[in-house]
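Comments concern the structure below.
The values are calculated or read from the model by the stated rules, or taken from the named source; none is laboratory data. The shown structure was predicted, so the numbers you read here are calculated from the model rather than taken from an experiment. No Cβ is skipped: glycine too gets one built from the backbone with ideal geometry, and neighbour counts run over all protein chains shown. For the accessible areas, the whole protein counts, side chains as well, though only heavy atoms, and no ligand, DNA or RNA atoms are used. Shrake-Rupley method; radii C 1.70, N 1.55, O 1.52, S 1.80 Å.
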Amino acid sequence: MKLDLGSLELGVATAATQIEGGEADTNWHRWAAEGRIKDGSTPERAADHWQRVDEDVALLKELGIGHYRMGLEWARIEPQEGVFDQIAIAHYRDELTKLRAAGIAPLVTLHHFNNPWWLEKQGAWVGRGAITSYLAYVKRVVLELKDLVSEWITINEPNVYATQGYVFGDWPPGEKSLTKAMAVMSHLAEAHIRAFGLIHAISPSARVGVAHHLRVFDPANRYSPVDLAGARTMENLFQSALLDAMSYGRFRLPLRGSPSVKPGCYYDFTGVNYYTRSWVRGGVQGTRPGVPVNDLGWEIYPRGLRRVLRAVNKLYPGPIYVTENGTADASDAFRPRYIYDHLAAIAHSGVNVERYYHWCFTDNWEWIEGEEPRFGLVDLDYETGTRRVKESGKMVADIIAAGGVTDEAYARWVEPAAKGSATYVAPVKVPKRHPKPPRG
Ligand code: FCB
């Protein structure tokens with residue numbers, strides 16, 4: 001065996017807005033309707049998963065995939081404030097029932113970037129009202145689905161939601177206000193903490209966690225105090241402060257907790273979404289020159305996953321799930337190697353990671369990037385909805401069946417694969433020493 005994965009279990013990850021297709025009144029549906037998506041697409045087509053649940057469950061089963069991360073579209077479930085749609089709830093019950101019948105364990109995300117429009121109109125997560133609205137939705141959903149779901153992700157990537165929408169302004173609502181971004185992060189953190197208690201009150205044995213977007217921040221010049229300070233500050237603002245707040249109820253500046261939130265332990269597992277590293281020069285983050293990148297220009301840096309896992313394991317002991325990891329590779333030329341390298345990073349991390357969910361199952365609607373980037377293990381023909389398993393998908397099926405990467409699989413899929421996209425250039429040697437992640 002080239003790579004033994006021990007007890008690590010593999011699955012695939014998706015999100016409602018990115019695969020379901022159809023209409024829903026949300027911030028992202030409106031943002032897309034205004035023509036703000038790079039390729040002019042909207043989430044109304046996506047992978048048409050809403051209509052193709054049977055086909056997709058059958059395909060998951062065929063590939064031997066035993067873990068499926070899926071999202072719920074809040075706006076479908078609660079199209080108007082306080083009004084719940086039993087047909088949408090029944091649809092999700094049906095999907096979950098089919099998954100379970102196929103022997104596939106669901107991990108369900110309650111909030112993944114998208115808000116119902118009625119919430120967005122109220123200012124979304126800038127105000128505290130969103131916490132109350134979210135908890136009412138969570139309560140209803142958990143009461144309705146608790147017999148079918150035992151694992152919940154309360155919030156997906158609160159840092160990405162807050163920074164893209166409120167710092168860079170590329171995502172809805174397109175604002176550029178650090179103050180608002182910090183309010184949004186603080187409210188999302190509090191919402192998680194309260195949902196953690198609420199879900200356990202309804203479903204005591206459930207496992208609840210957050211899917212955190214974690215990246216590595218490295219100084220361009222590790223001897224430059226400016227670069228070092230820049231990397232540390234960004235890491236704290238973007239992820240470390242939030243991890244502490246959401247895991248332990250410990251809010252530190254620039255986040256602000258409410259007096260009613262007490263320090264405690266608010267996770268049953270830590271979800272890690274890992275994609276890339278930020279290269280920080282002065283106060284500006286970018287991509288390290290000359291490194292392998294994916295189709296979106298994101299550095300492919302598997303060692304970063306090992307570093308992130310070790311840091312998380314030290315500060316937040318307990319089960320760890322890699323809740324997302326994957327790459328935009330339209331040609332499927334380097335994805336097999338990407339997968340191998342990241343699984344190897346997990347296996348060699350010395351950290352006991354329970355799950356690895358590959359992003360994404362089929363190609364999907366990729367937010368502001370639209371339909372262009374191809375993240376799937378399964379190719380999607382957007383015109384016809386036809387699914388076709390890619391070589392990387394076949395490789396993942398083989399890894400699951402074998403419990404690791406066999407010598408044959410390595411020779412068939414990994415060896416011939418490239419290390420990055422057409423822009424690939426041999427990586428510069430990575431410095432051995434890195435600043436320690438700040439402690440909470
Ligand atoms: C993550 C998101 C996910 C997907 C991947 C590529 O940040 O959680 O929805 O867009 O990136």
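Give me, ordered by chain and number, the residues 5 or more places off Thr42 or on other chains with an amide H under 5 Å from its own placed amide H.
none
Which shape class applies to the stretch 296-407: rounded if a/c is under 1.5, otherwise prolate when a/b exceeds b/c and oblate if not, where a ≥ b ≥ c are the square roots of the Cα gyration tensor eigenvalues?
Since a/c reaches 1.5 and a/b is larger than b/c, the shape of the stretch 296-407 is classed as prolate.
What is the percent carbon and sulfur in the accessible area of the stretch 16-86, measuring with a 1.4 Å probe over the protein chains and ignoring ligands?
Of the solvent-accessible surface of the stretch 16-86, carbon and sulfur hold 43 percent.
Treat every Asp and Glu Cβ in the chain as -1 and every Lys and Arg Cβ as +1, leave all other atoms uncharged, and give the resulting dipole magnitude about the Cα centre to the nearest 20 debye.
The dipole magnitude comes to about 2360 debye.
Along the positive direction of the dipole of the chain (beta-carbon charges: Lys, Arg +1; Asp, Glu -1; about the Cα centre), which of Ala189, Gln18, Val53 reaches farthest?
Ala189
Which sequence of Ser7, Ser150 reflects their accessible areas, 1.4 Å probe, from the largest down?
Descending accessible area places them as Ser7, Ser150.
Per residue of the stretch 9-25, in order, report the coupling 6.51 cos²θ - 1.76 cosθ + 1.60 (Karplus, θ = phi - 60°) as ³J(HN,Hα) in whole Hz, putting x for Gly and Pro.
So the J values, rounded to whole Hz, are 9, 9, x, 10, 10, 9, 9, 3, 4, 7, 10, 5, x, x, 9, 7, 8.
How large is the accessible surface of Glu95 in square angstrom, using a 1.4 angstrom probe and rounding to the nearest 10?
Ignoring ligands and nucleic acids, Glu95 comes out at about 0 Å².
Skip the ligands, DNA and RNA, and give the accessible area per residue of the chain with a 1.4 Å probe, whole Å².
It amounts to 39 Å² per residue over the chain.
From the mean inverse distance of alpha carbon pairs (Kirkwood) and the Cα radius of gyration, derive Rg over Rh for the stretch 277-345.
Rg divided by Rh gives 1.01.
Using θ = phi - 60° and the Karplus form 6.51 cos²θ - 1.76 cosθ + 1.60, what ³J(HN,Hα) does each residue of the stretch 182-196 get, whole Hz, x for Gly and Pro?
Along the stretch 182-196, the couplings run 6, 5, 4, 4, 4, 6, 5, 5, 5, 4, 4, 4, 5, 5, 4 Hz.
The stretch 3-420: Rg/Rh from Cα coordinates, Kirkwood Rh?
Here the Rg-to-Rh quotient is 0.93.
Charges on Cβ only, +1 for Lys and Arg, -1 for Asp and Glu, centred on the Cα centroid of the chain; of Tyr321, Tyr68, Val138, which one is farthest towards the dipole's positive end?
Value computed over the given set: Tyr321.
Take the alpha-carbon centre of the stretch 340-400, take the same for the stretch 4-56, and report the distance between them in whole Å.
After rounding, the separation between the Cα centres reads 14 Å.
For Gly11, what residues show an amide H to amide H distance below 5 Å, using hydrogens built from the backbone and excluding near sequence neighbours?
Answer set, sorted by chain and number: Tyr356, Tyr357, His358.
Check which residues have an amide H placed less than 5 Å from His213's amide H, if you skip close sequence neighbours.
Under 5 Å from the amide H of His213 lie the amide H atoms of Glu157, Asn159, Val160, Asn273, each far enough along the sequence or on another chain.
Tell me, what HN-Hα J-couplings in whole Hz come from the Karplus equation 6.51 cos²θ - 1.76 cosθ + 1.60 at θ = phi - 60° for each residue of the stretch 232-249, using x for Gly and Pro?
In residue order, the calculated couplings are 5, 5, 5, 4, 5, 5, 7, 9, 5, 4, 5, 4, 5, 5, 6, 7, 10, x Hz.
Using only helices, what value at 222 nm comes out for the chain when you add -39,500 (n - 2.57) per DSSP H run of length 4 or more and divide by the total residues, to the nearest 500 deg cm²/dmol?
-10500 deg cm²/dmol
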